[in-house]
Structure formats: structure tokens, C-alpha cells
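Here is the structure we will look at, set down as C-alpha cells.
The values are calculated or read from the model by the stated rules, or taken from the named source; none is laboratory data. Keep in mind the model is a prediction, meaning the values are calculated, not measured. All Cβ positions, even for glycine, are placed from backbone atoms using ideal geometry, and neighbour counts span all protein chains on display. The protein model used for the area step is the full one, side chains on, heavy atoms only, and it has no ligands, DNA or RNA in it. Shrake-Rupley method; radii C 1.70, N 1.55, O 1.52, S 1.80 Å.
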Amino acid sequence: VAPEKSLAAPEPAKDTVSAPKKSPGTETISPYTEMMPAVREQLEKMQLSAALHTLSTYYEDPRFTPQQHDAWVKLLDQVAGSVIYSREHFLQAAYQVKPGEQLGDIANQFKVPAGLLAKINGIPTSAPLSPGTKLKVIHGPFNAVVNTTKKELTLWLGSNYAGRFTVDLGPEFSQIVGPFVVQ
């Protein structure tokens, strides 16, 4: 996901959501209203990894209105694109290639696909690496959550959101309940 030029946080969609079955006059503050000022501050200070973590924490919070959720996820997609998939080193310092190392060796060390490292560093997967070359690396492994109702796969890098993808599900998925491994 390529980040947009500006990572400005959107204005609040709706500030509060009325709490069901509570005494009159009480309201529940949406995480959108509560956390968006912190996210805006993190973005202004270019603390993108902190913003990604904050946004990831509330990814599927049921207190969001549909408009708030859409705005939150749009921003989350942009920030994840910048933090995880750009060439910038937001999660950790650059990795310095050692003599004799190949991209596959480095990928195995960090538990991520070599193709990912090649893509985010703008190099071919089979390219020879010169000792001392600095690469962006990401600590894996990735994991995924499949929402069969939404037909969506959400990719996670540790506790950080890393993207979402529409998936087609065969009829066998109606029989599966709980965690499973896709090979």
C-alpha cells in the first residue's frame, strides 16, 4: 500500500455515541474522539510507528460508528503503508549486510519473505548484496485473521495492523470454527 503524500488525520466524523440503556445524559466516548487527538499529535511529530500502534489497537472497536470506522481504517491503511511497506526505517534501524549474506538469509533471520524485503528495498530478490549495504528489515512473522462474514483477511505484524485484503472463501469455510493454519 503506497502512502498518500499527506498523513493528516481526518476530522472527527461524530464525537460521541449514545450508550444504550444508560441513565439519561450519560454518553460513552468513542475511541475515535478519545484517541484521534493523540494520533494527530503523533503524525505531526512524525512518530509514525507510535501512530500505527495506536490506530491498530482500536482497529475493530465496536464503539465506532460506521463513518468513524471508515475514516480510522483509511488513515490506518496510509500509516501502515508508510511504516511497514515504505523504504523508511520507522520500526527499527537499518540492517547492515554482512559479508556473504544473501537476501534469503536476512529474510529467514527476521522471519519474513525475501520477496517482501526485496520489494520494500527496491532490489531484485536474487540481487547480490554488497557488505555494508543498509536495508530496511521488519521483524516477523506476520499473522492473519480471516473474517468469514466480511470475507476479509487482516494481516498483522505483531500487534500492528499491516493491511487487509478481500478473500474468496470456499464452502468448506462454513465448517471451520476457531484457529487454523493455511499452508
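For every residue, the table says whether it meets (1) in contact with a Cys (Cβ under 7 Å, 6 or more places away or on another chain); (2) part of a loop (DSSP other than H, G, I, E, B); (3) among the aromatic types (Phe, Trp, Tyr).
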{"residue": "Tyr32", "(1), (2), (3)": "no, no, yes"}
{"residue": "Ser49", "(1), (2), (3)": "no, no, no"}
{"residue": "Ser56", "(1), (2), (3)": "no, no, no"}
{"residue": "Gln67", "(1), (2), (3)": "no, no, no"}
{"residue": "Asp70", "(1), (2), (3)": "no, no, no"}
{"residue": "Val73", "(1), (2), (3)": "no, no, no"}
{"residue": "Ile84", "(1), (2), (3)": "no, no, no"}
{"residue": "Arg87", "(1), (2), (3)": "no, yes, no"}
{"residue": "Ala107", "(1), (2), (3)": "no, no, no"}
> Among the residues of segment 59-71, which ones are of a type in the set (Asp, Glu) and open to solvent by 90 Å² or more (accessible area, probe 1.4 Å)?
Replying inline: Glu60, Asp70
>> I'm trying to understand the selection: among the residues of segment 136-158, which are under 13 Å from the mean Cα position of the chain (by Cα), open to solvent by less than 30 Å² (accessible area, probe 1.4 Å) and of a type in the set (Val, Ile, Thr)?
In response: Ile138, Thr154
> What number goes with the only condition from (1) loosely packed, with under 11 Cβ neighbours inside 10 Å; (2) of a type in the set (Phe, Trp, Tyr); (3) touching a strand residue (DSSP E or B) at 6+ places or on another chain (Cβ under 8 Å) that Tyr161 does not pass?
Replying inline: (1)
> How many of the residues making up segment 89-99 are assigned to a loop (DSSP other than H, G, I, E, B) and open to solvent by 70 Å² or more (accessible area, probe 1.4 Å)?
Replying inline: 4
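Listed here are the residues, each with its yes/no results for (1) at pLDDT below 95; (2) within 26 Å of Gln42 (Cβ to Cβ).
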| residue | (1), (2) |
| --- | --- |
| Pro62 | yes, yes |
| Lys74 | no, yes |
| Val79 | no, yes |
| Val83 | no, yes |
| Asn108 | no, no |
| His139 | yes, yes |
| Asn147 | yes, no |
| Thr154 | no, yes |
| Tyr161 | no, yes |
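Among Leu117, Leu103, which is the only one that is under 30 Å from Pro179 (Cα atoms) and among the hydrophobic types (A, V, I, L, M, F, W, C)?
Exactly one residue qualifies, and that residue is Leu117.
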> If a residue has to be touching a helix residue (DSSP H, G or I) at 6+ places or on another chain (Cβ under 8 Å) and either farther than 26 Å from Leu91 by Cα or at pLDDT 95 or above (or both) to count, how many in segment 7-37 make the cut?
Replying inline: 6
>> Being open to solvent by less than 20 Å² (accessible area, probe 1.4 Å) and closer than 17 Å to Leu155 by Cα narrows it down to one residue among Ser86, Ser56; which is it?
In response: Ser56
